[in-house]
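S.K.: Structure below; questions to follow.
The values are calculated or read from the model by the stated rules, or taken from the named source; none is laboratory data. Remember, it's a predicted structure, so these values are computed and weren't measured experimentally. Here the Cβ positions follow ideal geometry from the backbone for every residue, glycine too, while neighbour counts run over all protein chains shown. With ligands, DNA and RNA removed, areas are computed over all heavy atoms of the protein, side chains included. Shrake-Rupley method; radii C 1.70, N 1.55, O 1.52, S 1.80 Å.
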2 protein chains.
Amino acid sequence: MFKLLKIDTHTKARLGRLTTAHGVVDTPVYMPVGTQASVKALDPRELREMGTQIILGNTYHLNIRPGLDILRAAGGLHQFMNWNLPILTDSGGFQVFSLAKIRKIKPHGVEFRSHLDGSPLFLGPKEAMEIQRTLGSDIAMVFDECPPHDAPAREQRLAVERTLRWARECRDLPRAHGQLVFGIVQGGSNAALREECAKSLVAMDFDGYAIGGVSVGEPEPEMLKAIELTAPFLPAHKARYAMGLGTPAQMMELIARGVDMFDCVLPTRVARNGTAYTRRGALGIKGGSYKADFRPIEEGCACFACKHFTRAYLRHLLNVNEILGLRMLSVHNTHLFLQLMADARTHLAAGTFADFYREFIAGYTPSRRILSARNAELER
Amino acid sequence: MFKLLKIDTHTKARLGRLTTAHGVVDTPVYMPVGTQASVKALDPRELREMGTQIILGNTYHLNIRPGLDILRAAGGLHQFMNWNLPILTDSGGFQVFSLAKIRKIKPHGVEFRSHLDGSPLFLGPKEAMEIQRTLGSDIAMVFDECPPHDAPAREQRLAVERTLRWARECRDLPRAHGQLVFGIVQGGSNAALREECAKSLVAMDFDGYAIGGVSVGEPEPEMLKAIELTAPFLPAHKARYAMGLGTPAQMMELIARGVDMFDCVLPTRVARNGTAYTRRGALGIKGGSYKADFRPIEEGCACFACKHFTRAYLRHLLNVNEILGLRMLSVHNTHLFLQLMADARTHLAAGTFADFYREFIAGYTPSRRILSARNAELER
């Protein structure tokens, strides 16, 4: 299913190809996030035009709305949302972290109170796999427990134990036709736990491996450490997916560390706040300095927004709350994330990835939040 | 500038062609409304694909944001928003009605307090024409006074007097290159006032004539009466524009009464509340009856939404507040309004308009609000 085509000679970056029931995915790949059966603000045509190869859906959210009955009647998630390229579904494991206030962890899964109306909802390996089978995703994720980054050691260990037990259950449950199943490595920033979790999952022989327990509030250096502690124990011939990450610079750092797959809500989330990513860093387009700036968001960008509109116009739209403003920033940001992956693949194929990576990082100014986390780490 | 190509033999419907600085507009025409330099939720490509010939902008709103300096620096409204087909700009006269609480009418215009920050803003014929010259719209509207439908007779008379005085001023002020200027008939539902206002404006020889003082809260029968009291006094060889109207059935009624041009925010406004128009009436797509309805909004509709998505999916998107839901309803509704005009033109050219009109009205169930207004009229 996964073909490793090339490994960079200077970094650990990998060029690969993943074959799924709905088509081939060239890696490294960014997967736009369609939690509720829609990549926020974008339509399928826009996604295809930008070169989207695969999108995400979410087990927890889709199970609540529209619900399995409707998804089953529609013939699955692809049909329901009219997307006939690959879909990866998250298992609901991340909601164990993100909805921590409304759930209780039990031996066979997690008891949620619906974030919507408080009604009870039980998700465990059995439920998560059954839902993903009904959704008919190309890649299902095992149901894991994702603790916060600052969870005590004991809690991290328990999470790994449960994650491994649940992973084995998930592996043996029925799947949709051609559906791949990926294991998820937990273990926080504990080297021994990461190694143990990775090795145990690899012994279960999944179709691919995700690194979880990242994008859970940890500073950037801790996130990179978690990846570095895990990657060496994953098999070269299986795809590696860093869950919920990251900024453009972070994705580049992770590609250089051997990650093949990414998903992240940042492109559309920050768009709704008026932030545009560029290859040099993020711009707050609402700012007064852009009010008569008739350049595109990013010179040379081929996205629909940059081909048609100026910063001054987009700033106006965002400031008067016109939906076209956040739409166009969502287009630009998503296009950029996809394009960075396409560029990485091109450079990997040409053997020039290391230079591309070095120049990209040198030219990119991370946002203040990420910079301050980096600096805090340097001062330790 | 306006060529009257044909008059229907059974109704007063007209087929025409209006030539502007940015191109030709076939009439009857529906003009999507881009108050703040964006037709809400839609992008220019979507508008063109639907067959949009001309859009609206608004003097009052654009003058506040982004402001004239930026619009001037951009090279006008077409450039600013990247729309190179015709634009008609409303003069701000309608805001005399819609922002009644924050304005005072003076001899030379209207003193507003900005709806945004309370800062003072004066709009009169001089200001409105200067702004529209800077915007560079293809059709500028004179600055008029638009009283509410239930204004007392004295107020209606004063509004007509001011409207006529201001119209004469507007006519003689400088225009953008090739800019057409339309007069606006006021007079409420008073036959003598409508006749006087129309005749006086016609004597001033404008490039076209709008019927104002409609879409100001009046019941449908009163609206139709205002049109019927005005149309006979307008010259056959000039375009006629009913401002701010209407529903699909109302537009059809108005075409049959000789109206050539329409603008209306309903398609995009009701979309944001989850309402889809069809040729048979409006559907509240959020309703439970559509939850497993895998048909398009309207069978046979060629819009992007109907070609790609089901009612069940759109209902889900609307209920979970995904932007794609309101986007697709905005696409469908705007497409329908444009398509009804295209159909009317086709039937006018073929000499079959009267049948088309009769069948359309017979098959269309107006919303309850409009029905109750009609029934109230029948009981008088």
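S.K.: Based on the alpha-carbon gyration tensor of the stretch A:9-52 and its eigenvalue square roots a ≥ b ≥ c, which shape applies: rounded if a/c is under 1.5, prolate if not and a/b is larger than b/c, or oblate? Let's see the in-between values first.
M.R.: Details: a/c = 2.49, a/b = 1.95, b/c = 1.27.
It is prolate, given that a/c is not under 1.5 and a/b is the larger ratio.
S.K.: Every other copy gets compared here: list the nm distances from the A:Ala350 label point (7 Å along Cα to Cβ) to its counterparts, shortest first, one decimal.
M.R.: In ascending order, 5.6 nm.
S.K.: Just the ratio, please: alpha-carbon radius of gyration of the stretch A:263-316 over 2.2 N^0.38 Å, N its number of residues.
M.R.: Values: Rg = 10.8 Å, N = 54, 2.2 N^0.38 = 10.0 Å.
The value comes to 1.08.
S.K.: Suppose all protein chains stay in the model; what accessible area per residue would a 1.4 Å probe give for chain A, in Å²? Spell out each step's value before the answer.
M.R.: Details: 14470 Å² over 380 residues.
Value for chain A: 38 Å² per residue.
S.K.: Using alpha carbon coordinates only, what is the Rg to Rh ratio of the stretch A:233-302, with Rh defined as the Kirkwood radius? Walk me through the numbers before you get to the answer.
M.R.: Working: Rg = 15.8 Å, Rh = 14.2 Å.
Here Rg/Rh amounts to 1.11.
S.K.: Moving to a separate point now. How compact and how long is the stretch A:334-378, expressed as Rg and Dmax of its alpha-carbon atoms in Å?
M.R.: 13.2, 37
S.K.: Answer rounded, prolate or oblate for the stretch A:86-196, using the Cα gyration tensor with square roots of eigenvalues a ≥ b ≥ c: rounded when a/c is under 1.5, else prolate when a/b is larger than b/c, else oblate.
M.R.: It comes out oblate by the Cα gyration axes.
S.K.: Run the label-point distances for B:Ala373 please: 7 Å along Cα to Cβ, every other copy, nanometres, shortest first.
M.R.: Copy-to-copy label distances for B:Ala373: 5.5 nm.
S.K.: As a test question: what accessible area, to the nearest 10 Å², does B:Lys225 have when a 1.4 Å probe is rolled over all protein chains in place?
M.R.: 100
S.K.: Let me ask another. Could you work out which residue, out of A:Thr365, A:Thr89, A:Thr163, moves most in a Gaussian network model of chain A, that is, has the largest mean-square fluctuation with Cα springs under 10 Å?
M.R.: Taking springs between Cα atoms under 10 Å, the residue moving most is A:Thr365.
S.K.: Hey, another quick one. Report, by chain and number, residues whose modeled amide H sits under 5 Å from the one on B:Phe2, excluding near sequence neighbours (fewer than 5 apart, same chain).
M.R.: The answer is B:Thr19.
S.K.: Next up: Viscosity 1.306 mPa s, temperature 10 °C: give me the Stokes-Einstein translational D for the stretch A:125-164 in µm²/s, with Rh taken as the Kirkwood radius over C-alpha pairs.
M.R.: Numbers: Rh = 11.5 Å.
For the chosen part, D equals 138 µm²/s.
S.K.: So for chain A: antiparallel DSSP bridges make up what percent, rounded to the nearest 5?
M.R.: Numbers: 22 of 46 bridges.
So the antiparallel bridges in chain A amount to around 50 percent.
S.K.: Largest first and to the nearest Å, give the Cα extent of the stretch A:147-241 along each principal axis.
M.R.: Each principal axis gives a Cα extent; for the stretch A:147-241 these are 39, 25, 21 Å.
S.K.: If you don't mind, there's one more thing I want to ask. I'd like the distance between the alpha-carbon centres of the stretch A:53-120 and the stretch B:86-164, rounded to an integer number of Å.
M.R.: Cα centres, the stretch A:53-120 to the stretch B:86-164: 52 Å.
S.K.: Also: Rank B:Ala153, B:Ala249, B:Ala37 by mean-square fluctuation in a GNM of chain B with C-alpha springs under 10 angstrom and give only the top-ranked residue.
M.R.: B:Ala153
S.K.: Go through the stretch A:77-118 and flag every residue whose accessible area shrinks by 20 Å² or more with all protein chains in place compared to the isolated chain (probe 1.4 Å).
M.R.: A:Phe80, A:Met81, A:Asn82
S.K.: Between copies, how far does the label point of A:Asp205 sit from its twins, in nm, shortest first, when each point is 7 Å from Cα along Cα→Cβ?
M.R.: Counterpart label points of A:Asp205 in the remaining copies fall at 9.2 nm.
S.K.: From the P(r) of the stretch B:95-142, can you give the percent of Cα pairs sitting at distances over 17 Å?
M.R.: Values: 433 of 1128 pairs.
Tail of the P(r) past 17 Å holds 38 percent of the pairs.
S.K.: Let me ask another. Would you calculate a helix-derived [θ] at 222 nm for the protein assembly as shown, using -39,500 (n - 2.57) for each DSSP H run of n ≥ 4 and dividing by the full residue count, to the nearest 500? Can you show the working numbers first?
M.R.: Working: 32 runs with 333 residues, N = 760.
The helix-only estimate for the protein assembly as shown comes to -13000 deg cm²/dmol at 222 nm.
S.K.: Next up: Pick from A:Ala342, A:Ala362, A:Ala276 the residue whose mean-square fluctuation is largest in a GNM of chain A, springs joining Cα atoms under 10 Å.
M.R.: Residue with maximal mean-square fluctuation among A:Ala342, A:Ala362, A:Ala276: A:Ala362.
S.K.: To continue, here is another question. Normalised radius of gyration for the stretch B:260-380, please: alpha carbon Rg relative to 2.2 N^0.38 Å, two decimal places.
M.R.: Details: Rg = 15.6 Å, N = 121, 2.2 N^0.38 = 13.6 Å.
Normalised Rg, Cα atoms only: 1.15.
S.K.: Quote the FRET efficiency, to the nearest 0.05, computed for A:Thr365 versus A:Ser98 with a Förster distance R0 of 22 Å and r equal to the Cβ-Cβ distance. Kindly include the intermediate steps, with their values, before the conclusion.
M.R.: Numbers: r = 29 Å, r/R0 = 1.30.
Computed FRET efficiency for A:Thr365 and A:Ser98 comes out at 0.15.
S.K.: Could you please point out the chain A residue with its Cβ nearest to the axis of the rotation taking chain A onto chain B, and the distance in whole angstrom?
M.R.: Residue nearest the A-to-B axis, with distance in whole Å: A:Ile323, 3.
S.K.: With only Lys, Arg, Asp and Glu charged, each at its Cβ (+1 for the first two, -1 for the last two), find how big the charge dipole of chain B is about the Cα centre; round to the nearest 20 debye.
M.R.: Working: 47 positive and 39 negative charges, 86 e Å.
Dipole size: approximately 420 debye.
S.K.: Can you divide the C-alpha Rg of the stretch A:200-273 by 2.2 N^0.38 Å and report the result to two decimal places?
M.R.: My calculation over the Cα atoms of the stretch A:200-273 gives 1.14.
S.K.: Indicate, rounded to the nearest 5 percent, the antiparallel portion of the DSSP beta bridges found entirely in the protein assembly as shown.
M.R.: Numbers: 44 of 92 bridges.
Around 50 percent antiparallel, to the nearest 5.
S.K.: Considering only protein heavy atoms and a probe of 1.4 Å, how much of the accessible area of chain A is carbon and sulfur, as a whole percent?
M.R.: Values: 7360 of 14470 Å².
Reported share for carbon and sulfur atoms: 51 percent.
S.K.: Roughly how large, in nm² to one decimal, is the mean projection of the convex hull of the alpha-carbon atoms in the stretch B:137-203? Walk me through the numbers before you get to the answer.
M.R.: Numbers: hull surface 18.0 nm².
The directionally averaged projection comes out at 4.5 nm².
S.K.: If you don't mind, another one. Which whole-number percent of Cα pairs in the protein assembly as shown have a distance greater than 39 Å? Mind dumping the intermediate values first?
M.R.: Values: 128440 of 288420 pairs.
Here the tail beyond 39 Å accounts for 45 percent of pairs.
S.K.: Antiparallel as a % of all DSSP beta bridges within the stretch A:19-159, to the nearest 5? Please report the intermediate quantities before stating the final value.
M.R.: Details: 10 of 17 bridges.
If we restrict to bridges inside the stretch A:19-159, about 60 percent are antiparallel.
S.K.: While we're here: Using a 1.4 Å probe and ignoring any ligands, DNA or RNA, find the accessible area of B:Ser372 and quote it in Å² to the nearest 10.
M.R.: 70
S.K.: Taking both sides together, what accessible area is buried at the A/B interface, probe 1.4 Å, expressed in Å² and rounded to the nearest 100? Walk me through the numbers before you get to the answer.
M.R.: Working: alone 16140 and 16150 Å², together 28950 Å².
Approximately 3300 Å² gets buried when A meets B.
S.K.: So for A:Asp144, B:Asp205, B:Asp355, what's the accessible-area order with a 1.4 Å probe, most first?
M.R.: Details: A:Asp144 5, B:Asp205 100, B:Asp355 75 Å².
Largest to smallest exposure gives the sequence B:Asp205, B:Asp355, A:Asp144.
S.K.: Still on this structure, please answer the following. In degrees between 0 and 90, to the nearest 10, how far off the longest principal axis of chain A does helix A:153-172 point, with axes built from Cα atoms?
M.R.: 80
S.K.: A further question on this structure: Out of every Cα-Cα pair in chain B, what percent are more than 39 Å apart? Could the numbers behind the result be given before it?
M.R.: Details: 9409 of 72010 pairs.
The calculated P(r) of chain B puts 13 percent of pairs beyond 39 Å.
S.K.: List, by residue number, every residue in the stretch B:298-313 with a reduction of 50 Å² or greater in accessible area between the chain on its own and the complete protein assembly, 1.4 Å probe.
M.R.: When all protein chains are present, B:Phe304, B:Tyr313 each give up 50 Å² or more of accessible surface.
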